[in-house]
Amino acid sequence: TSCLLSHSLQKQDLVRTRQYITKFIEMRSHLQGCALKLQTVKSHHAMADAMKSTATAMHKMNKAVDVPAINKMMADFERENAKTEIMQEIMGDTIDDALGDENNEEEEDAIVNQVLDEIGISFGEELPEASALGSPALMETTSPNKVAVSEADDPALSELEARLNNLKR
């Protein structure tokens, strides 16, 4: 009987030990859950501090930056940039006109005619030849190398035409 009694006690100890192990595993998982929640709270707190410092920095920047002045500066830059682009285009056209050969116009016409012939369009008969310089009553040409001079003697226009004629020589 003593063997039976000792065997019974060992069974009870085994059952109790398994129950304690189960309880300890449950307690460990609850503790890990609490640790995870604490870590989450810490990260939320760190995020809130970072947002607070960011908001403070943005508030200081808003006080330091003068938005209307920056907008005015950008508008001035855009206007000056547009002027520069126009001047660059005018200078390019003037240089092209001064350095351009008279053959360029003939070459351009030949290329245009070739393209039109390839697509089957002919404008030669349909369009009358228009004067390149305007009405002969308003313009007179002195030579093929000189720009036409207007009969309305505008001093600024006359000066520009004279400078252009000098460039073409």
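Against the condition touching a residue at least 40 places away in the same chain (Cβ under 8 Å) and part of a helix (DSSP H, G or I), how does ALA75 come out, does it pass? Criteria not met by ALA75.
Select from the range 42-80 the residues that are open to solvent by less than 90 Å² (accessible area, probe 1.4 Å) and of a type in the set (A, V, I, L, M, F, W, C) and list them in ascending order. Answer for the range 42-80, where residues must be open to solvent by less than 90 Å² (accessible area, probe 1.4 Å) and of a type in the set (A, V, I, L, M, F, W, C): ALA46, ALA48, ALA50, ALA55, ALA57, ALA64, VAL65, VAL67, ALA69, ILE70, ALA75. Exactly one residue out of THR40, THR94, THR22, THR17 is among the polar types (S, T, N, Q), in contact (Cβ under 8 Å) with a residue 12 or more places away in the chain and part of a helix (DSSP H, G or I): that is THR94.
For ASP49, the conditions (1) closer than 30 Å to SER158 by Cα; (2) at pLDDT 90 or above; (3) not hydroxyl-bearing (Ser, Thr, Tyr) all hold with the exception of (1).
The values are calculated or read from the model by the stated rules, or taken from the named source; none is laboratory data. It should be emphasised that the depicted structure is a prediction, and the values quoted were computed from it without experimental measurement. Don't worry about glycine lacking a Cβ; one is built from the backbone with ideal geometry, like all the others, and counts go over all protein chains shown. Ligands, DNA and RNA are stripped out before the accessible areas are found, and what is left, the full protein with its side chains, is counted by its heavy atoms. Shrake-Rupley method; radii C 1.70, N 1.55, O 1.52, S 1.80 Å.
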